[in-house]
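A short write-up of the structure that comes next.
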Amino acid sequence: MGKSVQKLNDNVSLIASKESWIEGLAIQQLIKTSELPGMHAVAGMPDLHPGRGYPIGAAFFTEGRIYPALVGNDIGCGMSLWQTNTKLAKLNVDKLAKRLSDVEQPLDESWHTLISERKNELAITQTGFDSALGTIGGGNHFAEFQAIEEVFDQQALLALGLQPKQLQLLVHSGSRGLGQAILVKHIAEHNHDGLEVVIDAFTDYMAKHDEALRWAQLNRELIARRFLQAIRAGGEQVLDVNHNLVSQSQIAGQAGWLHRKGATPSDQGAVMIPGSRGDYSYLVKPTAEQNVNLRSLAHGAGRKWKRGECQGRLSHKFKKEDLYRTAFGSRVICNDKTLLYDEAPQAYKDCQTVIDDLVDAGLVTVIAKLKPVLTFKTQGACG
């Protein structure tokens, strides 16, 4: 265990070196959450940052009770990595961008058979949010074409079937309005008190939660498929991992419920940890012992600045047009002015520092790093 594991008290760990910047409010929220009834252990990740009452980039282990508010409103949010059959050597990024003009509208009738088949296979019965399937959503969600820049573990890369000469596609999205509806209903009926695992309300929430996980998985699949169709390419899914969920788990031999809010599972094999749209993303392999971090890892770089203050910090330095290209020369499609500034690379921490903390803590090894080629946020009108 390296210097990047801090014990803040008996049941709170922080996976970050003392040199790594973590906002004080996030640490306060982490400690406060550890005091909830039934809370056995809490772990903050290197991308820890404040949320609305509860921190983001953390895992929480409870006994006898779950807290849906810790999972939040985007149940099943996660990352999906697809390898396309497009060769990087033949790639024209400007032509790629032009083909993405119609990837935000609800999927048309030509998709209905596939959606129906996949919903049946995944046991998704609810229909109220079907029009949102295949859509990215706002905030920090994205679809990003990437190129493998550097390989550190060739054997692990090949085991995943990844080829450095192929264009990759990373999708970050979740359950859209479905997860929001589930949480709103829960809070209206139970506030933030949590649910004992022996009551009917717990069973009802978990059934809806688990369906939302499957819905989010299908959503990412459909996003990937429509982007591949738009650029006239084929592709295969390499991995798909949720980072907002609650599930049964055993930590150090103790049974309980593991909540993850912006925390990537480290017990499902290789995972992607993306940087901002102007930074590298990292494909990592979890190592053996994963108790101190509650079997969880960072889900990204973590914010430095709050949404809403970014435009004021950046508009005097950068015109809107300046933000459509990154330092890598990669393209950005985001016609929502507020979102363009809120999700600027400057609003996020350097992803390398997050990865360094995880490596130093003995929690991961790096398989490869990938750089952005084109990041898609929204074609929506400018604000």
>> Report the Cα centroid-to-centroid distance between region 311-349 and region 42-85 in angstrom, as an integer.
In response: 26
> P(r) tail for the chain, what percent of Cα pairs lie past 32 Å?
Replying inline: 31
> Given 0.36 nm per residue, what is the gain on full extension from LYS98 to SER110 after removing their alpha carbon distance, in nm?
Replying inline: 2.2 nm
>> Please compute the alpha carbon radius of gyration of region 55-121, then divide it by the globular-protein estimate 2.2 N^0.38 Å. Two decimals is fine.
In response: 1.78
> Add -39500 (n - 2.57) for each DSSP H run of 4 or more in the chain, then divide by its residues: what number comes out at 222 nm, to the nearest 500 deg cm²/dmol?
Replying inline: -8000 deg cm²/dmol
> Ranked highest first by average number of other Cβ atoms within 10 Å, how do 80-92, 130-142, 190-202 line up?
Replying inline: 130-142, 80-92, 190-202
>> Can you order the peptides 299-306, 233-240 by their average number of other Cβ atoms within 10 Å per residue, highest first?
In response: 299-306, 233-240
> Using 7 Å Cα-to-Cβ label points, what is the THR203/GLN352 separation (nm, one decimal)?
Replying inline: 5.4
>> Over region 79-227, what portion of Cα pair distances is larger than 23 Å, expressed as a whole percent?
In response: 50
>> Could you sort the peptides 323-330, 116-123 by per-residue average Cβ neighbour count (10 Å cutoff), highest mean leading?
In response: 323-330, 116-123
> Given the C-alpha centroids of region 173-214 and region 226-264, what is the distance between them in whole angstrom?
Replying inline: 18
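Laboratory data are not the source of any read-out in this text; all were calculated from the coordinates shown. All figures in this text were calculated on a predicted structure; none of them were measured in a lab. Neighbour counts are summed over all protein chains in view; Cβ atoms, including those assigned to glycine, are modelled from backbone coordinates with ideal geometry.
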